[in-house]
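Report on the structure given below.
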Ligand SMILES: Nc1ncnc2c1ncn2[C@@H]1O[C@H](COP(=O)(O)OP(=O)(O)OP(=O)(O)O)[C@@H](O)[C@H]1O
Ligand SMILES: [Mg+2]
């Protein structure tokens, strides 16, 4: 089967510093894949390469078997690649409803229309409401995004990425900084993602990783240390040394 | 008992586009001003021109977030295009308006790649530079533009083939207000459309906008082009109602005035340009009659005061025109 997302020898340098070192990943459709590694391992850089924020110095990126290595960000999104950000990237002055409605309009190819109001016809509003409901944001849809508590902003991050109806979703530490009480909401939202979407989850919380992932890739200093099932990763002495050594996971 | 979320969502989005009573009141007042002050027709026309220029600048600056110090380039281009056309026998004012706006739009489209190339500072320099180049060209090609003496011999025909422009400027004022209103309707549509929202999104966070799949560059080029075209219409309008074009349509002062108007009224909402233009022009009128020599001093002082007070202040005073919960529109 053609992988939903594949990279071949992806490499990127910041100056002389090698942040991504010949990474070859492959996610089948519907994958539940985790990417772990210590701080500064190059996880976010990899997401930026995959989405087109950064251009790789070498290597290729294939989306559903098609080369997207040189494609602009928005074109990749239209081909079914969507992401969330480790640090919130939202529209603070808009409401969640306005933000998600714009994202839905974009997916429907209507974001360039200038003669009809946002949400004309009602279908966009309905879909936006449905998405917001899925993330427990219904009661906050009319509030200013910048005024929402951090945990709910995190949920909106994921909701915006989902509104593009991706085939591949990259989640960059979706629960980072979320207070314990609200963490479960994020975990539930991640667990409830549509099964056919291939998900690459970056996360430091090992409980979450081992609950979620079917396969795990360990990244160290920009390079893949290993890849395997959660059990294989947990049992690997090298992984324990560089990453799990701090506490371990059984 | 609360409404279903779908219903709430539909209502909230529809509510964004609804005309508020304060908006209707604003336009009724504009109409009233036209009939109540017939002896100030020239001033009214001038306010309308400045308001239209400010609206076009707001689309570029307030909505799309493109910093510019040279928006007068398009205003001046439109003024000279319409002026030269009228001086060479192309007398129909509406055609002249379309010519001024259309060619300014093309100029904007051609200039956009240059302007959008760099960051904010680059944009300031490039826009300023382009406007300066045009100003110098207009100064140089005296055969076409009249140079420093201004463009002579404009002959603007009757409006719609019926209404001759009168010396008191009544037709001119009505014409200017009508064009302003039509342009406002167009911009209101744009501001409330998905395209308008994508501009707000790009201004607020281009990284996320791109991550949603919005083609950021294409949107900015479109906004810049539309803004340029409308500035061209404003310039053409000024040329036609005053039957004269001088070099100051391309001056830095003209660009700066547009920014000042938006600073007074507030950027990123259409009534900001309208209210700002009224306040700016009335103040200029008042100050220049009180202290003919020093009115610019007071405008400058006001500018500093506005910035120090925080420019949200005057905006808050006239918040009635805004939608209370959904602040970003129109
Ligand atoms: N724009 C940049 N310029 C220079 N160096 C960078 C840049 N972005 C990231 N780096 C460096 O590249 C390395 C990888 O950074 P990256 O953000 O990808 O790590 P990460 O695995 O996401 O870390 P974390 O778990 O802390 O989020 C780090 O050493 C970082 O300092
Ligand atoms: Mg990171």
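Taken together, the values in this text are just the output of simple stated rules run on the coordinates, not laboratory data. Computed from a predicted structure; not experimentally measured. Reconstructed Cβ throughout: ideal geometry from the backbone, glycine too, with neighbour counts over all protein chains shown.
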How far is helix B:216-242 tilted, in degrees, relative to the longest principal axis of the Cα atoms in chain B, given as a value from 0 to 90 rounded to the nearest 10? 40
Between residue B:178 and residue A:240, what is the label-point separation in nm under the 7 Å Cα-to-beta-carbon projection? 8.6
In the Gaussian network model of chain B, springs joining C-alpha atoms below 10 Å, which of B:304, B:279, B:47 carries the largest mean-square fluctuation? B:304
Under 1.5 on a/c is rounded, so check that first for the protein assembly as shown, then, if it is not, pick prolate when a/b is larger than b/c and oblate when it is not; a ≥ b ≥ c are the square roots of the alpha carbon gyration tensor eigenvalues. prolate
Going by a ≥ b ≥ c, the root eigenvalues of the Cα gyration tensor, does the range A:1-88 fall in the rounded group (a/c under 1.5), the prolate group (a/b larger than b/c) or the oblate group? rounded
As I understand it, the value is the acute angle between the Cα axis of helix A:123-134 and the longest principal axis of the Cα atoms of chain A; what does it come to in degrees, rounded to 10? 50
Can you give the Rg to Rh ratio for the range A:112-182, taking only C-alpha atoms and Rh from Kirkwood? 1.01
Ellipticity estimate at 222 nm from DSSP helix runs (n ≥ 4, -39,500 (n - 2.57)) divided over chain A, nearest 500: -9500 deg cm²/dmol
Return the calculated 222 nm mean residue ellipticity for chain B, to the nearest 500 deg cm²/dmol, obtained by summing -39500 (n - 2.57) across DSSP H runs with n ≥ 4 and dividing by the residue count. -23500 deg cm²/dmol
Please give the direction-averaged projected area of the C-alpha convex hull for the range B:37-251, in square nanometres with one decimal. 11.7
Which one of A:222, A:40, A:121 has the biggest mean-square fluctuation once chain A is modelled by GNM with Cα springs under 10 Å? A:121
Distance in nm between residue A:191 and residue A:130 label points, each 7 Å along Cα→Cβ, equals 2.4
Sorted largest first, the C-alpha extents of the range B:126-257 along its principal axes in whole angstrom are 54, 36, 22
Value of Rg to Rh for the range B:229-291 (Rh from inverse mean 1/r over Cα pairs, i.e. Kirkwood): 0.99
Rounded if a/c is under 1.5, else prolate if a/b beats b/c, else oblate: with a ≥ b ≥ c from the C-alpha gyration tensor eigenvalues square-rooted, which is the range B:1-68? oblate
So how tilted is helix A:180-191 from the main axis of chain A? Cα-based, degrees 0 to 90, rounded to 10. 90
Would you please give the FRET efficiency between residue A:87 and residue B:185, computed as 1/(1 + (r/R0)^6) with r the Cβ-Cβ distance and R0 = 56 Å, to the nearest 0.05? 0.90
Choice from A:32, A:195, A:79 showing the highest fluctuation, given a GNM over chain A with Cα pairs closer than 10 Å: A:195
